[in-house]
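To start, the structure itself, in structure tokens.
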Amino acid sequence: MPDRPETPDPDAPPSEEELARAKELRDALESSAPAGGGAELARALSAAWSPKDLSAEARRALVKRALAAPTLQRRRRVMRASFAAGALVAIAAGAALVFGIGRAPQPMPAADAYVSTRSTQPLFSGPFPRTGGETARVDRIAVARAADLRENEFARWGVR
Amino acid sequence: MNRWRWMLVRWCVLLAATTALLELAACRAEKGTVSGCPSATAGGAVDESVMAFLSAARSLHHEADVKDRSGDRAGAVASLERLVAMPGPRATEVDEVLADAYGRLAEMRLETKDWAGADRDVQAGLEHAREPTYFRGHLLEVSGLIEEARAAALADGGDRDEATRARAHAVDLFERAAGVQEQVIERALGDGGARD
């Protein structure tokens, strides 16, 4: 049977090495500088048991980090949305162009076969009276041009 | 940073392309009218857009008649103001109807002694009647009537010098109106008195 390892005496005074490591741990707990694994665990336990206020510097660093990331993301989102909206408008405009949304009546080609727009003066036999008569004049103009439009429609349909 | 600048440039190019497409689409949709469309020309065939404008103008003149007869002078003026503000295709008929509507507006303002408003309407009407026609002659005549009435009002108010100047201006405008009408008649006789 091998000899069992010797159990340390719990009442024995601490060795020089133990005292030095205890001092290191105490210093690490009081300081906020990075430290080894055992000290980090002890700090976490200490913070959970009795949390301390954050230093102003640490608070500023946390706020800065928290604000920087979403701003960047938001900016990217806005840019993406802008491009998407722009592309949609361009597609809609192209569709309107190709399919002629809101298309006006079919235009008539400029040819001698059609009655053209011109002065309405020949509709009147002399200078206008000093005042009044405008309604009668526009009546006459509208009636005459309605006949012209009818002629043009017949010409376009090929029935003249 | 360069990346953002590059994205901005791309965005501007996209925006410019979209604007150009929309403009072309609008021109296509409004064929028959000429405002802003590079391919539009005057002197085309009488079409629906010309007829629509003339029909609207006729309706608004009749509307003004009805309102005026019922004592609503402001309403009559509003109907005519709506007419002259209406967008229309580029056509001689449209210009002549607008010139005549401005003449009527000026006559109405003359009756309420709104000399400045009446003169403004005459000037706007003359912009639509640059050639010697009955319409231009009529507008010059209305302009003379405005000056004549203004001269009378000035004389009544004791401003004799200004009244004399206004009378002289009125005579000049009546002379110009008569000159335009003579040109029209001479031209008509030169054409053998042809009628439409």
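At a glance:
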{"read-out": "Sequence-separation-based contact order of region B:102-181, relative, with Cα cut under 8 Å and 6+ spacing, percent", "value": "30"}
{"read-out": "Accessible area in the full protein assembly, largest first, 1.4 Å probe, for A:Leu88, B:Leu145", "value": "A:Leu88, B:Leu145"}
{"read-out": "Semi-axes of the equivalent ellipsoid for region B:88-196, Cα gyration tensor, largest first, Å", "value": "29, 17, 8"}
{"read-out": "Interchain or long-range residues, amide H under 5 Å from A:Ser116's placed H", "value": "B:Val46"}
{"read-out": "Aspartates and glutamates with Cα under 19 Å of A:Lys23, excluding same-chain neighbours fewer than 8 positions away", "value": "A:Glu40"}
{"read-out": "Rounded percent of accessible protein surface that carbon and sulfur make up, region B:71-196, 1.4 Å probe", "value": "48"}
{"read-out": "Relative contact order [Cα under 8 Å, 6+ residues apart], region B:58-196, whole percent", "value": "17"}
{"read-out": "Loss of accessible area when A meets B, both sides summed, Å² nearest 100, probe 1.4 Å", "value": "4700"}
{"read-out": "Inter-chain Cβ neighbour average for residues B:133-142, partner chain, 10 Å", "value": "4"}
{"read-out": "Largest-first ordering by accessible area, 1.4 Å probe, given options B:Arg90, B:Arg176, A:Arg21", "value": "A:Arg21, B:Arg90, B:Arg176"}
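The values are calculated or read from the model by the stated rules, or taken from the named source; none is laboratory data. Note that this is a predicted model, so its numbers are computed, not measured. Cβ sites come from the backbone with ideal geometry, for glycine too, and all protein chains shown count toward neighbours. To get the accessible areas, we keep the full protein, side chains included, count just its heavy atoms, and leave off ligands, DNA and RNA. Shrake-Rupley method; radii C 1.70, N 1.55, O 1.52, S 1.80 Å.
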